[in-house]
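Novice: Below is a structure I'd like to ask you about.
Coordinate-derived values only; no laboratory data. Every value quoted in this text rests on a predicted model; they were computed, and no experiment measured them. All Cβ positions, glycine included, derive from the backbone under ideal geometry; neighbour counts span all protein chains shown.
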Amino acid sequence: MIKCPQFLAAQLKILWMDQDEFVTVVFLLGLAMVFGGFFWPAVVIVPVIFSQLKKRFPNGFMVILFYLLGFVIFKGYPMSFQNEFWE
């Protein structure tokens with residue numbers, strides 16, 4: 001029997017975490033295994049801070065933040081630093 005989510009837009013849950021929190025933990029675990037030292041406490045601290053930020057801001061905040069930092073490009077939209085637009 002496959003359990004269907006109640007809402008279609010709901011994020012995938014892995015264990016007790018949302019998908020983006022889980023990816024953060026896996027990424028930090030990889031860094032901790034490679035570099036050790038400083039990254040082991042970050043495996044616990046960073047996801048806690050990240051989940052608190054997610055609760056404080058509206059949905060889609062991380063995508064907008066990555067757009068403003070230049071990591072994500074939306075097709076058909078100007079760059080975030082442009083002040084003048086011509087149609």
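Novice: Looking at (1) closer than 23 Å to residue 13 by Cβ; (2) of a type in the set (Val, Ile, Thr); (3) without any contact (Cβ under 8 Å) to a residue 12 or more places away in the chain, find the lone condition where residue 46 falls short.
Specialist: (3)
For every residue, the table says whether it meets (1) among the small types (Gly, Ala, Ser); (2) exposed (fewer than 12 other Cβ atoms within 10 Å of the Cβ); (3) in a helix (DSSP H, G or I).
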position: 32; (1), (2), (3): yes, no, yes
position: 51; (1), (2), (3): yes, no, yes
position: 65; (1), (2), (3): no, no, yes
position: 71; (1), (2), (3): no, yes, no
